[in-house]
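Comments concern the structure below.
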Amino acid sequence: MEVPLKLPSPIQAFDIPVFNERGIQFLVKREDLIHPSISGNKWRKLKYNLKKAKNLGKKTLVTFGGAYSNHLYASAAAGQAFGFHTIGLVRGEASEILNPTLEFATSCGMEIRYLSRSAYREKEKALMQESLNGPEYYLLPEGGTNALALPGCAEMATEIKSQLERLPDYICLCCGTGGTMAGLIAGLDGQSQVLGFSVLKGDFHRPLIQDLLVEYQKKNTDFSIPSNWTIDGNHHVGGYARFNSELIEFINRYQSQFQLPLDPVYTAKMFLGLEKMAEENYFQAGSTILAIHTGGLQGVAGFNQRFGDLILEAV
Ligand SMILES: Cc1ncc(COP(=O)(O)O)c(C=O)c1O
């Protein structure tokens, strides 16, 4: 089945005062525009997993996520688009009214099963208990990060190289499980400086990404793990899915001033972090920053439902 995907995802230049005033060129790779519902890093991570599942003749994709998960949403859409049944194991209690993420997932045919928080922590056991460990099932891990996610994410680098005459000095993205960043690092193969913004509290990304790159190296023996990457841990705004009024105002300003929609859990934290770092003169005059917009915009509807329409809808 042909699924229309906007690839390569466009790279757009933005005139944003904090960068302009410092002679910094600011570019955004709009991965959010790849597909209305399989967007951002989700397409990149799913691509080779979907191919493998098809090649193995699997009929059902099984995956995990929180009730507002971008990954569940995209997996449900991808399952529908590429002809798989999907089962989502969701952390937490069932609620009478589905939130917009789960409502969409259900509308794509995803079968939702709820797991208590303790059952969710032991995912392997949960699969056995739910009888989802048979040969017909293809398992996508939480967040979609596994060895096959990396070559898909590495393709962002291939695209960037073909789209720009000169590689940017900095290529930036946000980090949850680290899979997207590991793939980007692999694809860039030592070029540019990769700057990952952690959206979670805690200093655990470096070893996680290092391990993913070691796994990648086993399959790509001429690849040597580069050192051109750093993780920023100062802009998570209190931890995963935490927010404050500064972040909300920032999202609404980017929407109204630059028509660039951001989500509160991932991308807004990176864009806000980039502005703050530019104000502190972290980036040299004359440098180019490419920020990767990894999507996640589906989460805005659920966020607004919970917290009272704080974020302006994209027009
Ligand atoms: C919109 C968005 N951006 C970035 C990330 C971070 O990706 P990763 O988990 O590969 O670090 C995620 C989570 O997968 C996400 O949903």
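The values are calculated or read from the model by the stated rules, or taken from the named source; none is laboratory data. All of these numbers come straight from a predicted model, not from anything done at the bench. Backbone-built Cβ (ideal geometry, glycine too); neighbour counts: all protein chains shown.
Worth a mention:
- Residue tally, condition within 15 Å of the chain's Cα centre (by Cα) and assigned to a strand (DSSP E or B), over the stretch 126-162: 1
- Residue within the stretch 111-122 that is aliphatic (A, V, I, L, M), under 18 Å from Tyr68 (Cβ atoms), in contact with a helix residue (DSSP H, G or I) (Cβ under 8 Å, 6 or more places away or on another chain) and modelled with pLDDT under 95 present: yes
- Taken over the stretch 155-211, the criterion of being more than 13 Å from the ligand (Cβ to nearest atom) and on the phi > 0 side of the Ramachandran plot is satisfied by Asp189, Gly190, Ser192, Gly202.
- Some residue of the stretch 56-65 being buried (at least 18 other Cβ atoms within 10 Å of the Cβ) and either within 30 Å of Gln191 (Cβ to Cβ) or β-branched (Val, Ile, Thr) (or both): yes
- Of the residues making up the stretch 13-37, those that are closer than 18 Å to Ala301 by Cβ and either within 12 Å of the ligand (Cβ to nearest atom) or among the hydroxyl-bearing types (Ser, Thr, Tyr) (or both) number 2.
- Inside the stretch 251-284, residues that are assigned to a helix (DSSP H, G or I) and either in contact with an Asp or Glu (Cβ under 7 Å, 6 or more places away or on another chain) or not hydroxyl-bearing (Ser, Thr, Tyr) (or both) make up a count of 18.
- When Pro168, Pro135 are checked against the criterion of being buried (at least 18 other Cβ atoms within 10 Å of the Cβ) and over 23 Å from Leu208 (Cβ atoms), a single residue qualifies: Pro168.
- Options Asn49, Asn70, Asn55; residue that is within 20 Å of Ala147 (Cβ to Cβ) and within 16 Å of the ligand (Cβ to nearest atom): Asn49
- Hits in the stretch 143-164 - residues which are over 21 Å from Leu27 (Cα atoms) and of a type in the set (Gly, Ala, Ser): Gly143, Gly144, Ala147, Ala149, Gly152
- Close contacts from the stretch 202-217, counting a first residue that is surrounded by 12 or more Cβ atoms within 10 Å (Cβ to Cβ) and a second that is assigned to a helix (DSSP H, G or I), with Cβ to Cβ under 6 Å and a gap of 6+ residues or different chains, come to Ile209/Met181; Ile209/Ala182; Leu212/Ala182; Leu213/Ala182; Tyr216/Leu150; Tyr216/Ala186.
- Any hit, the stretch 89-106, residues being assigned by TED's automatic domain parsing to the domain that holds Thr288, more than 20 Å from Pro261 (Cα to Cα) and out of contact with any strand residue (DSSP E or B) (no Cβ under 9 Å at 6 or more places or on another chain): no
- The one condition in (1) under 26 Å from Ala154 (Cα atoms); (2) part of a helix (DSSP H, G or I); (3) among the hydrophobic types (A, V, I, L, M, F, W, C) that Phe303 fails to fulfil: (1)
- So Gly83, is it more than 16 Å from the ligand (Cβ to nearest atom), buried (at least 24 other Cβ atoms within 10 Å of the Cβ) and not charged (D, E, K, R): no
- Single condition Ile251 does not satisfy, out of (1) surrounded by 14 or more Cβ atoms within 10 Å (Cβ to Cβ); (2) more than 16 Å from the ligand (Cβ to nearest atom): (2)
- Inside the stretch 1-18, residues that are of a type in the set (A, V, I, L, M), more than 19 Å from Lys161 (Cα to Cα) and free of Cβ contacts under 8 Å to residues at least 60 places away in the same chain make up a count of 1.
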